[in-house]
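See structure below.
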Amino acid sequence: MPTPAQTLLLFGVTGDLSRRMLLPSLFGLDADGLLPPDLRIVGTARQEIDDAGLRETAETALAPIMADRKLDRAVLDRFLGRLRYVAADASKPESLAAIGEAVGPRADQGLAIFLSTAPSLFESTIAGLQAAGLTGPATRLALEKPLGHDLASSQEINDAVAAVFPERQTFRIDHYLGKETVQNLLALRFGNILFEPLWNATAIEHVQITISETVGLEGRVSYFDGMGSLRDMVQNHMLQLLALVAMEAPAQFTATAVRDEKVKVLRSLRPIDANTAARESVIGQYTAGAVAGQPVPGYLDELGSPSDTETFVALKAHVDNWRWQGVPFYMRTGKRLPVRRSEVVIQFKPVPHSMFAGRGAVLQPNRLVISIQPDENVSLTMMSKQPGLDRDGIRLREVPLNIGLPNAFADVRRRIAYERLLLDLIEGEPTLFVRRDEVEAQWEWIDAIRDGWEANSMVPKPYAAGTWGPAAAIALTERDGVSWHD
Ligand code: BG6
């Protein structure tokens, strides 16, 4: 096991991600006594504030957790005591020298760096880190998305990183991998004998992956409009989910074994390109409507200018290997949909012959629903006999076998995904981070789809906020006789 980092360097420490996720996660870990006792957290951003200024920002961000968990002031003070602030401008490598001075010789005792800056600043930041003496073998660099906007730009970033940090020191974040229920997919598949023999084209009819959001632009206008849902959500989170669902069993739960299996799946994705994009993908953009009974403006009104950016995408994907031949993977994600929900649905095939048919009973094929959020739930629908004397025929009904994870593990605190990822970064455990070959396989598939849209002059179809996307998304599955699991 690598030695835990003694210093964590957080870029963009005063930004939104840091205030909403990173500082609360670190505080949660600290409150539970999980951070290395001597860990120092050095925050940096452009603002000209000092240690006290950062501590103030942190205190405000952590107030809800203090209240929620009824924590002692001493716990907060211990955490605030770890914080230091250094003002630096990531676009000017020389301004990072001050960080080098603040970290000093601690850099050689293990340094973890969390970089969540705009991709345009990656190269200058890395140059600055190198000049400041912060890129030695004891440094681990975590990179937050977006890591480029297509394969070429992502390779450029990866090359710039690789020139200074070998792959084993590079930790690419996909925060979905930090979610407990996403990791539970592995436990479900490979910790039970029940599913794996049926987890293939023989028994599975199709798979659905949905990440639906009720939010709109959330003040991220300039970022999102340049990206769209395909690159913001499918390129990373949804393809990682697909890879975990579709991969072969890794021989060990190690970074290399797990990532080797995921990348094989990503490379087996059948391209959706100029020939198939119009049939196998649907894009949409929300117009004014209502979400949870509240009126909300359309995308273009929020943006204030014309745009062809998609806020919804639905795809019919295929994994071209033996296990998955002929099994469609339907994926959809969008903003301003009716509910917030992330889930994977495994739809099994019908039994080959129903002995109950002559007695009037109708069988529904089994379905496994893995709910990631907001509910953390695994539910398997099974046919069950409705109690009775069956004088006028046998009645069978679908009943769910339900594992509500919060109930099953009622005594365990639910953690933010970043708690897991930050602790793994600090301790040097790379399994839940994305390897370069995975990211590149993801981009390659995504780029072909975007080229396909362009070749077919596809532009997003409007859908009213608060609905499940354009009607064409429903047609995408219905023409195969499949309904989305709403
Ligand atoms: C981010 C996207 O990666 O994931 C956002 O950039 C999206 O647009 C978010 O809202 C969703 O994450 P979660 O954990 O809320 O499902």
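The values are calculated or read from the model by the stated rules, or taken from the named source; none is laboratory data. Computed from a predicted model, the values in this text were never measured in an experiment. Quick reminder, even Gly has a Cβ in these numbers, built from the backbone with ideal geometry, and neighbours come from all protein chains shown. Each accessible area value is taken on the protein alone, full model and side chains, heavy atoms only, with ligands, DNA and RNA left out. Shrake-Rupley method; radii C 1.70, N 1.55, O 1.52, S 1.80 Å.
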Length gain on complete extension for the stretch Q294 to M382, per 0.36 nm per residue less the alpha carbon to alpha carbon distance?
-> 28.0 nm
Where does each of 410-420, 7-17, 243-253 land if you order them by average Cβ count within 10 Å, highest first?
-> 7-17, 243-253, 410-420
What is the calculated FRET efficiency for R168 to A97, with r their C-beta to C-beta distance and R₀ = 22 Å, to the nearest 0.05?
-> 0.25
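For a quick protection proxy, order the peptides 110-118, 331-339, 316-324 by their average other-Cβ count within 10 Å, most packed first.
In decreasing order of mean packing, 110-118, 331-339, 316-324 become 331-339, 110-118, 316-324.
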Amide proton proximity set for I113, modelled H, under 5 Å, gap of 5+ = L9, R140, L141, A142
Calc'd 3J(HN,Hα), the range 21-38, phi into Karplus 6.51 cos²θ - 1.76 cosθ + 1.60 (θ = phi - 60°), Hz, glycine/Pro = x, comes to 10, 6, 5, x, 5, 5, 5, x, 5, 5, 4, 8, x, 9, 7, x, x, 9
Total charge dipole magnitude, the chain, about the Cα centre, Cβ charges on Lys, Arg, Asp, Glu only, Debye to nearest 20 = 1420
Exceeding the 29 Å Cα-Cα cut-off - candidates K92/K262; K92/K335; K70/K145; K179/K461; K92/K264; K262/K349 | K92/K262; K92/K335; K70/K145; K179/K461; K92/K264
Rounded to a whole number, what % of the accessible area of the range 171-308 do carbon and sulfur atoms account for, probe 1.4 Å?
-> 54
The range 272-327 versus the range 5-53: alpha-carbon centroid distance in Å = 36
Against the longest alpha carbon principal axis of the chain, how many degrees, from 0 to 90 and to the nearest 10, is the axis of helix 436-455 turned?
-> 60
Placing each pseudo-label 7 Å from Cα in the direction of the beta carbon, S483 and T3 end up separated by a distance in nanometres of 6.1
Collect residues whose amide H, placed 1.01 Å from N in the peptide plane, falls under 5 Å from the amide H of S342; neighbours closer than 5 in sequence don't count.
-> S212, I372, Q373
Output the peptides 466-478, 278-290 sorted from most to least packed, where packing is the average of other Cβ atoms within 10 Å over each peptide's residues.
-> 278-290, 466-478
Amide H contacts of R40 (H built 1.01 Å from N, under 5 Å, at least 5 apart or other chain) | T7, L8
Heavy-atom accessible area of the range 91-140 with neighbours in place, 1.4 angstrom probe: carbon+sulfur share in percent works out to 56
Tell me the label-point distance for the pair Q109, R323, using the 7 Å Cα-to-Cβ offset, in nm and rounded to one decimal.
-> 4.4
Taking the Cα centre of each part, how many Å lie between the range 225-242 and the range 94-151?
-> 25
To the nearest 20 debye, what charge dipole does the range 7-144 have about its Cα centre, counting +1 at the Cβ of each Lys and Arg and -1 at the Cβ of each Asp and Glu?
-> 240
Using a probe of 1.4 angstrom, how much of the accessible area of the range 391-430 is carbon and sulfur, in percent?
-> 53
With the other protein chains left in place, how much accessible area per residue, in square angstrom, belongs to the range 7-144 at a 1.4 angstrom probe?
-> 41
Solvent exposure of the range 288-396 as accessible area per residue, Å², 1.4 Å probe | 50
Residue-wise HN-Hα coupling along the range 366-378, computed from phi with Karplus coefficients 6.51, -1.76, 1.60 (Hz; x: Gly, Pro) | 5, 9, 10, 10, 9, 8, 9, 6, x, 7, 10, 8, 10
Got a sec to turn the phi values of the range 336-341 into Karplus ³J(HN,Hα) couplings, 6.51 cos²θ - 1.76 cosθ + 1.60 with θ = phi - 60°, whole Hz, x for Gly and Pro?
-> 6, 8, x, 9, 8, 7
Please name which of F122, S18, G33 has its Cα lying farthest along the dipole of the range 7-144 towards the positive end, using unit charges on Cβ (Lys, Arg +1; Asp, Glu -1) and the Cα centre as origin.
-> G33
Gain on full stretching of the segment that runs from R395 to R220 - 0.36 nm per residue minus C-alpha separation = 57.7 nm
Stretch gain in nm, segment F190-F409, where the contour uses 0.36 nm per residue and the Cα spacing is subtracted = 76.9 nm
Each label sits 7 Å from Cα toward the beta-carbon; between D273 and E59 the label points are separated, in nm, by 6.0
